[in-house]
1. Residues being open to solvent by 10 Å² or more (accessible area, probe 1.4 Å), over 26 Å from A:LYS110 (Cβ atoms), charged (D, E, K, R) and in contact with a Leu (Cβ under 7 Å, 6 or more places away or on another chain): count how many of those fall in the range A:126-177.
2. Within the range A:141-180, can you find the residues that are of a type in the set (Lys, Arg) and within 23 Å of A:ILE27 (Cβ to Cβ)?
3. What single numbered condition from (1) at pLDDT below 85; (2) closer than 17 Å to B:LEU229 by Cβ fails to hold for B:GLN117?
4. What single numbered condition from (1) open to solvent by less than 10 Å² (accessible area, probe 1.4 Å); (2) farther than 20 Å from A:LEU158 by Cα; (3) among the small types (Gly, Ala, Ser) fails to hold for A:ALA120?
5. Condition check: open to solvent by 20 Å² or more (accessible area, probe 1.4 Å), modelled with pLDDT of 85 or more and not assigned by TED's automatic domain parsing to the domain that holds A:ASP332. Does A:PRO229 satisfy that?
6. For the range A:118-214, give me every one of the helices (runs of 4 or more DSSP H) that falls completely inside it and has 3 or more residues that are within 14 Å of chain B (Cβ to nearest Cβ).
7. Going by what's in this entry, would B:ALA165 be described as open to solvent by less than 10 Å² (accessible area, probe 1.4 Å) and either away from every other protein chain (no Cβ under 14 Å) or modelled with pLDDT of 90 or more (or both)?
8. Can you tell me which of (1) away from every other protein chain (no Cβ under 13 Å); (2) under 27 Å from B:THR102 (Cβ atoms) is the one B:LEU178 doesn't meet?
Amino acid sequence: MAPIISISGLRVAYGNHEVLKGIDLAIAPGSFVALLGASGCGKTTLLRTLAGFTPASGGSIRVEGRDALTLPPERRGMAMVFQSYALWSHMTVAQNIGYGLKLRGMPRDKIGQRVAAQLAMLGLTGYEQRSVAELSGGQRQRVALGRALAVEPKILLLDEPLSNLDARIRVQMRHEIRSIQKKLGLTAILVTHDREEAMVMADLVVVLDQGRIAQMGTPEAVFQRPASPFVAAFMGAENIIDCEAKRNGAGIDLRIPAIPASQLHCPMSSSEDVASASVAADADGPVQVHFRSEAAFLREAGASVAATLQFPGRISQVSYLGSGYRCEVNTDCGAFFVDHPTRFAPDDGVTVCIPGNALHVFRRDLSRQAAPAKAFQ
Amino acid sequence: MSALTQRLPKLGGAILRSVLIGLLAVAIFGPLLNMLIWTVAEAWYFPAKLPIRWGFQFWHRVFRPEAGAMAALWTSIIIALMTVALSLLVSIPAGYALSRRTLPLRGVFLLIFLLPQAFPAIAVHMNIARIFYGLGLNGTLWGVMLVHAIQGLVFSVWIASAAFASVDSEQVEAARNLGATPWRAFVSVSLPQAAPGLMASAIFVFLISLDEFSGTFFVGVPEVRTLPLTMLNAALEGNYQIASITALLLLVPSIAFMLFVEKFLKADVLAKVGT
């Protein structure tokens, strides 16, 4: 299917500061794309450039084959939900939602019907004459969504729409927005810094880092097969061990120089195979190995578990997560956080076990500040 | 002992506060009270603390048609309303333009409106009168309105610029995003959002015009007579009763206008003025 939006070589600069440094992205019609990244990575700038509020300094944006960069915002046919909601306080809920329809010259009674239908879909029936100032955060968010959807856009832009909501309503709205998007067959582009939100809502996750696309793919691919140490850390694999790697047939041998007894042979099969470790193509010799706290587990000191990278450590801190305990473990190769279902006491000796398929192996970035190894014995 | 030393400063503070509040009340309400007494005093000579004879005799004099006070009141109101209309006409586009941070020489433009206030009013008004004489504007309502507007513009443009600057730019973008042209977004979002600030500036301009004296004196007299001129004449002649009654009359349109505009001014939006 031809992409509804194709962005190529897009550059945006504020003065001398280049915020987007060449973005190439094709978005299929009806898909839900999440632009994910830390603050300052350019994700909001990309959305604002799509909407026409920020001028591009290079590259192109084509919407349904037509050049969009030369069009003013009102002619781009994209409806946006703002982070601040940007509702008009001098208008009622009905006037807010009906604004776009009024601009399109729709007769008053038809606007009334369309507004009522929007409110019904969003569970706000009977709120027509309310002032937006009287609404709760969640209700404002729905009105902002209704205002954007009322004009029946093909493309919906969402700028961190859920970041101002309570945790509970936020989780509920994720699913609501996703199901509305599917039902209406919209193409949606979501800007978020929340990786869980991106994965729950999107078909395609685009991770941005310093104005460039660091990786894009399905939520599974980005989560299981991060393409770079940055993406691995951003997607939650923040524990890092420095290892020595050696290619060995169809696999790779990992050795922790600080703990000679600790080594593991990781078989490698096709890169999509979730059961095997994710190993960067250029990983050989000095490498950095990332793993998630929840993917590792702890055993009593001296235990041995097959097919894991294991090394001894000592608990230094324990905190309760609800689903289990997050333990900070000091080892000879650094300090790590490991989740464990039962409680350990501080100062307990343990064995840290990381299953081979939970490892993300990258060539070592020598400029990275190595975690100081805390002696535990 | 310790309880006493703690209570003493407290007591002293309370007394000090009462005295300060009392002084403030005298400063604000003293002249007003004095003026109110003068309006109903028929005879009041030194060293009497209060009028010797009370009554409404001077009210009859002021309201006689040949006294011209009512005509002057209407002239004042018409000029004030025209001045408000003109200053809004200028300050809305000027304030909107000056609210854009990207406008070059923004500070210079804002200062230009302040300039007429920086020089002695009489010098400015004498020279305006000379120019207006050449243009045939002397002695006309239009001429007086223009003189008043020059003084009102500094406030109305500055307040309007602050009001437009406080409009959330995302609200304007939201209108553009849904299909509004820049003009349509201005009319349906920027203008209503800035309206409370614009109303506040209208009050200022109305009050300035209603009180204005020296510009009217140089440009308007003798064809155009406003209430402040009547009042000053009476005061110079030592007729404090007439001066006080005209001052009270001048309060009526001020309060009426404020009540009218107050409908648009909620405290929460007033707080946004100047941000």
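The values are calculated or read from the model by the stated rules, or taken from the named source; none is laboratory data. A quick note: this is a predicted structure, and the numbers were derived from the prediction, not measured. Every residue, glycine among them, receives a Cβ derived from its backbone with ideal geometry; neighbour counts consider all protein chains shown. Areas reflect the complete protein model, heavy atoms only, side chains present, ligands, DNA and RNA absent. Shrake-Rupley method; radii C 1.70, N 1.55, O 1.52, S 1.80 Å.
1. So the answer is 2.
2. Across the range A:141-180, the qualifying residues are A:ARG147, A:LYS154, A:ARG174, A:ARG178.
3. So the condition that B:GLN117 fails would be (2).
4. (1)
5. Working: open to solvent by 20 Å² or more (accessible area, probe 1.4 Å): yes; modelled with pLDDT of 85 or more: yes; not assigned by TED's automatic domain parsing to the domain that holds A:ASP332: yes.
For A:PRO229, the condition - open to solvent by 20 Å² or more (accessible area, probe 1.4 Å), modelled with pLDDT of 85 or more and not assigned by TED's automatic domain parsing to the domain that holds A:ASP332 - is met.
6. Numbers: elements: A:137-150, A:167-184, A:195-201.
It comes to A:137-150.
7. Answer is no for this residue.
8. Result: B:LEU178 fails condition (1) only.
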